[in-house]
Amino acid sequence: MTDNGDAAPLVQLEHVNKYFGALHVLKDINLTVSRGEVLVVIGPSGGGKSTLCRTINRLETIDDGAIIFDGEPLPEEGRALARLRSEVGMVFQSFNLFAHKSIRENVTLGPTKVRRKARDAADKRAMELLERVGIAAQADKYPAQLSGGQQQRVAIARALAMDPKMILFDEPTSALDPEMVQEVLDVMIGLARDGMTMMVVTHEMGFARRAANRVVFMADGQVVEENTPDEFFTNAQTDRAKDFLSKILTH
Amino acid sequence: MDELIEYGPELFSGFTKNLLLSVLIAFFSLAVGTILAAMRVSPTPVLRAAGTTYVNVLRNTPLTLVLAFCYLGLSDTLGLIFSTEVPLTNSFWLAVLGMSAYTAAFVCEALRAGVNTVPMGQAEAARAIGLTFFQSVRLVIFPQAFRAVIAPLGSVLIAMIKNTTVVAAAGYTVDVAAVMRETFDTTGVSIPIFIGIVLAFLAVVLPIGWYTGWLSRRLAVAR
Ligand SMILES: Nc1ncnc2c1ncn2[C@@H]1O[C@H](COP(=O)(O)OP(=O)(O)OP(=O)(O)O)[C@@H](O)[C@H]1O
Ligand SMILES: [Mg+2]
């Protein structure tokens with residue numbers, strides 16, 4: 001599938017600018033994500049990390065610049081945009097499982113309604129994915145009956161069910177009780193090992209060091225620093241990053 | 001008491017017409033109200049404006065005026081005729097049309113209140129897996145919104161059922177209220193007849209209130 005893909009990056013952001021009213025939240029962002037790469041985005045609150053993530057599947061529109069996904073500019077609307085979104089998985093901080101649907105239905109909704117997959121095949125695949133994230137036994141429960149960590153693992157299975165080219169994670173573990181963080185990170189590390197292209201907003205340094213190829217430090221709407229995880233955490237170049245790291249390392 | 005027994009069959013036959021009207025209007029108003037609500041939450045400005053205008057006009061016009069407009073305006077003047085042979089059949093469908101149009105505005109607003117109870121994240125997750133706007137409304141937003149407003153929708157239906165007693169304004173003069181007035185012309189005002197009709201409505205409306213209350217608890221979406 002990616003035989004000739006190594007050369008062209010999967011995602012390319014070129015001079016991307018984004019405003020919320022007068023607030024300039026993304027300032028001339030230039031960033032590429034290669035196929036199979038795991039990119040961790042880190043930075044202070046309000047720096048624009050979520051917004052950056054959400055522009056890639058166009059949950060947020062941009063005011064200026066270009067985003068190229070898999071060789072094509074992001075479609076603006078309609079069916080083409082829906083198709084793009086089906087190829088880019090997203091895992092939210094607050095899980096956002098469909099509250100009126102069972103765990104299994106959460107995972108099969110996209111494949112049956114977007115991909116028009118037959119119900120049997122979709123069910124079978126859903127069970128495989130739920131098995132993979134360790135939730136198969138809960139398939140007939142509803143989201144509210146599961147713990148946060150379990151819900152987030154289902155959310156990952158829901159994203160995987162679309163066979164996405166990439167998955168965006170926006171602080172997937174920050175709404176979780178501490179004892180549930182690792183179970184979710186373990187699933188994500190597994191995905192990274194299997195070659196999934198991932199963009200992960202997280203402050204989990206352990207994950208960044210074990211799974212990331214690159215860390216992007218964002219503050220005030222700008223990419224301030226980009227480096228390998230080891231270099232970034234042990235030898236940050238900018239004062240802004242050093243200052244930020246000293247804060248997250250000391251608490 | 002004697003009048004009630006004597007005129008009971010006619011009154012009952014009138015009441016069945018109210019029931020038939022109610023069933024048809026419930027069906028059409030739920031369907032149209034749902035479409036209106038989808039228009040009002042859609043990202044397309046034209047659809048939103050059309051939905052908003054419709055709701056504001058219909059919801060703020062007295063029902064008897066809506067019905068009179070259907071009867072005298074739409075039918076007599078503009079020539080919308082459901083049956084040329086039987087005037088009562090024509091006015092029956094005009095009453096269904098007018099009351100469905102009117103009730104749909106209330107259904108729309110109840111449902112829209114339900115949409116507001118559905119967290120933003122649900123719509124975002126729906127879009128993020130590639131559902132189109134209308135798919136996410138149909139498969140994710142509305143099913144949760146409906147469950148949140150079953151009880152208020154029950155109230156809308158109950159109000160509608162009681163409102164069927166003014167369909168004479170559309171020329172449909174054989175419902176229970178019309179039969180009652182006709183009976184009073186011959187018997188004089190009869191308290192037992194009043195009470196009989198009230199009890200008949202209670203027998204229909206109370207269970208609807210109970211049932212929708214029970215259903216709303218049973219189907220409540222746990223978050
Ligand atoms: N829908 C919105 N409307 C207006 N302002 C917004 C909106 N979403 C985000 N913002 C603002 O844009 C800026 C960037 O927000 P963003 O959520 O991208 O930051 P973040 O880096 O993800 O922060 P956090 O770590 O708190 O999640 C913030 O100042 C935020 O208040
Ligand atoms: Mg954020």
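Counting, for every residue in B:22-29, the Cβ atoms of other protein chains within 10 Å of its Cβ and taking the mean gives 0. Each label was represented as a point 7 Å from its Cα along the Cα-to-Cβ direction; for B:Val57 and B:Ala222 these points are 4.6 nm apart. Separation of the stretch B:69-143 and the stretch A:133-203 by C-alpha centroid, Å? A separation of 40 Å, based on Cα centres.
Using the rule -39500 (n - 2.57) for each DSSP H run of four or more residues, divided by the residues of chain B, the 222 nm mean residue ellipticity is -25000 deg cm²/dmol.
A cut-off of 5 Å between modelled amide H atoms, ignoring neighbours fewer than 5 places along the same chain, links A:Gln93 with A:Asp170.
What you get for the stretch A:1-153, charging only the Cβ of Lys and Arg (+1) and of Asp and Glu (-1), is a dipole of about 740 debye around the Cα centre.
Would you compute the Debye intensity of the stretch B:16-173 from its alpha-carbon atoms alone, equal scatterers and no solvent, and pass along log10 I(q)/I(0) at q = 0.18 Å⁻¹ to two decimals? So the normalised log intensities work out to -1.02. The helix-based estimate of mean residue ellipticity at 222 nm for chain A, built from -39,500 (n - 2.57) per DSSP H run of four or more residues and divided by its residue count, is -11500 deg cm²/dmol to the nearest 500.
Using a Cα-Cα cut-off of under 16 Å, which aspartates and glutamates could be cross-linked to B:Lys162, ignoring same-chain neighbours fewer than 8 residues away? In chain and number order, the partners are B:Asp175.
Placing unit charges on each Cβ (+1 for Lys and Arg, -1 for Asp and Glu) gives the stretch B:16-173 a dipole about its Cα centre, and among B:Ala123, B:Leu24, B:Thr165 the Cα reaching farthest toward its positive end belongs to B:Ala123. Inter-label distance, A:Glu77 to B:Ser155: 3.6 nm, where each label sits 7 Å from its Cα along the C-beta direction.
Maximal additional length on extending the B:Ser13-B:Val189 stretch stands at 61.4 nm, based on 0.36 nm per residue less the C-alpha distance. Calculate how many DSSP beta bridges within the stretch A:100-251 are antiparallel, expressed in % of all such bridges and rounded to the nearest 5. Approximately 55 percent, going by the DSSP bridge assignments. Peptide A:88-96 shows a mean partner chain C-beta count of 4 within 10 Å per residue C-beta.
Distant-in-sequence amide contacts of A:Val200, defined by a placed amide H-H separation under 5 Å and a gap of 5 or more residues or a different chain, comprise A:Leu39, A:Val40, A:Val41, A:Phe169.
Note on A:Glu14 and A:Lys124: their simple-model spin labels are 4.3 nm apart, each label 7 Å out from Cα toward Cβ. Name the residue, out of B:Ile197, B:Ile161, B:Ile150, whose mean-square fluctuation peaks in a Gaussian network model built on chain B with Cα pairs under 10 Å. Ranking B:Ile197, B:Ile161, B:Ile150 by mean-square fluctuation puts B:Ile197 first. Across peptide B:133-140, the average count of Cβ atoms from other chains found within 10 Å of a residue's Cβ is 3.
Which lysines does A:Lys117 reach when only Cα atoms under 26 Å apart count, and residues fewer than 8 places away in its own chain are ignored? Hits, sequence-local ones excluded: A:Lys101, A:Lys141, A:Lys165. DSSP assigns beta bridges within the stretch A:155-236; of those with both partners inside it, close to 55 percent run antiparallel. Among beta bridges from DSSP that stay inside the protein assembly as shown, the antiparallel ones total about 55%. Whole-Hz Karplus values for the stretch B:37-44 come out as 5, 4, 4, 6, 9, 6, x, 8 Hz, taken residue by residue from phi with 6.51 cos²θ - 1.76 cosθ + 1.60 and θ = phi - 60°; glycine and proline positions read x. Remark on A:Ala219: its backbone amide H falls under 5 Å from those of A:Val224, a criterion applied only to residues 5 or more positions apart or on other chains, H modelled at 1.01 Å from N. For chain B, the Cβ-based charge dipole about the Cα centre amounts to some 1460 debye (Lys, Arg positive; Asp, Glu negative; other atoms uncharged). I need the fraction of alpha carbon pairs in the protein assembly as shown separated by more than 45 Å, rounded to a whole percent. It works out to 32 percent of all Cα pairs.
Bear in mind these aren't lab numbers, they're just calculated from the coordinates by the rules spelled out. What you see is a predicted model; the values in this text were computed from it and never measured. Don't worry about glycine lacking a Cβ; one is built from the backbone with ideal geometry, like all the others, and counts go over all protein chains shown.
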